[in-house]
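Worksheet: the structure to be examined is printed underneath.
The values are calculated or read from the model by the stated rules, or taken from the named source; none is laboratory data. Everything numeric here is computed off the predicted structure, so don't read it as measured data. Using ideal geometry, Cβ is built from the backbone for each residue, glycine included, and neighbour counts are taken over all protein chains shown. These area figures cover heavy atoms from the full protein model, side chains too; ligands, DNA and RNA do not enter into them. Shrake-Rupley method; radii C 1.70, N 1.55, O 1.52, S 1.80 Å.
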Amino acid sequence: RIFLDHACVCPLPRRTVAAARQVLDRQLAHGGSPESFSTWGEGVSRARHDVAKLMRAAPEEVAFVKNTTSGLMIAAGSIPWKDGDNVVTVAVEFPANVYPWLALERHGVETRFVGLRGGRLVMDDLIATMDRRTRAVALSWVQFSNGFRADLGKLSQLCRDRGCYLVIDAIQGLGALQLDLSRYAVDFLAADGHKWLLSVEGC
């Protein structure tokens, strides 16, 4: 089969299924033995280096969390907010990149939405939505609704110039498009494995 992404869950390749079976078979045979933990730790270390290489990041910049939403929630909770700050996102963002920001309203943080024009984010519209209290910009690298790809170069330069954080949901592009984080000032990036990375959910 040929996988043509439809912004949903991928069909699993045989080698993904085989790798998952290998992990389950090991746990079936050895449970939580020191051997199992050692093998698991080695696998996590290899995976961290592989993910870093995929995104052209440093291995120490990679953390494994439950899913994209968890990563975005960690980002929202890690930024040093002050009462009166705001975060800017897109009006048609996937809910995982909206609700973590809306939850900050109880701390006096406003969530601002910039509209798209013809399905595209226009930088001037984004800039017009920002002000001196904009602490973060949170966007999808590739929009789930129409496939529009944001310009990470322009976004990261804008956020660097404005002194605000850039938070990226990369799930719709990671694995299909080349991502070089060494070129961009991205502060937080979250993605899951069940789309173009052809893995299971929660990976």
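Couple of notes before you dig in:
- Projecting the Cα atoms of 13, 47, 33 onto the charge dipole of the stretch 1-72, computed from C-beta unit charges around the Cα centre, puts 13 farthest toward the positive end.
- Helix 14-30 vs. the chain, principal-axis angle (Cα, 0 to 90°, nearest 10): 60 degrees
- The stretch 72-92 versus the stretch 1-15: alpha-carbon centroid distance in Å: 32 Å
- For the pair residue 25 and residue 70, a Förster radius of 41 Å applied to the C-beta separation gives a FRET efficiency near 0.90, rounded to the nearest 0.05.
- Crossing angle, helix 152-162 versus the chain [Cα axis fit, 0-90 degrees, rounded to tens]: 50 degrees
- Subset of 53/154; 66/195; 66/154 violating a 26 Å alpha-carbon distance limit: 66/154
- Label point distance in nm, residue 49-residue 1, each placed 7 Å from Cα along Cα→Cβ: 3.3 nm
- Fully extending the segment from residue 157 to residue 112, taken as 0.36 nm per residue of separation minus the present Cα-Cα distance, adds 14.2 nm.
- Label point at residue 78 placed 7 Å out along Cα→Cβ; residues across the stretch 104-140 whose backbone nitrogen lies under 17 Å: 135-140
- Taking the charge dipole of the stretch 150-203 about its Cα centre, with +1 at Lys and Arg Cβ atoms and -1 at Asp and Glu Cβ atoms, the residue from 157, 176, 194 reaching farthest to the positive side is 157.
- Secondary structure note: in the chain, about 10% of the DSSP beta bridges are antiparallel.
- Among beta bridges from DSSP that stay inside the stretch 95-203, the antiparallel ones total about 20%.
- Mean separation of Cα contacts under 8 Å (6+ apart) over length of the chain, as relative contact order %: 24 percent
- What the stretch 2-44 shows is 80 Å² of accessible area per residue, with the surface traced by a 1.4 Å probe over protein heavy atoms.
- When the solvent-accessible area of the chain is split by element, carbon and sulfur atoms take up 53 percent of it, the probe being 1.4 Å.
- Relative packing of 172-178, 122-128, 111-117, which averages over residues the other C-beta atoms within 10 Å, highest first: 172-178, 111-117, 122-128
- In degrees, nearest ten, helix 34-55 long axis to first principal axis of the chain (Cα): 40 degrees
- If the segment from residue 14 to residue 105 were pulled out straight at 0.36 nm per residue, it would be longer than the present Cα-Cα gap by 28.3 nm.
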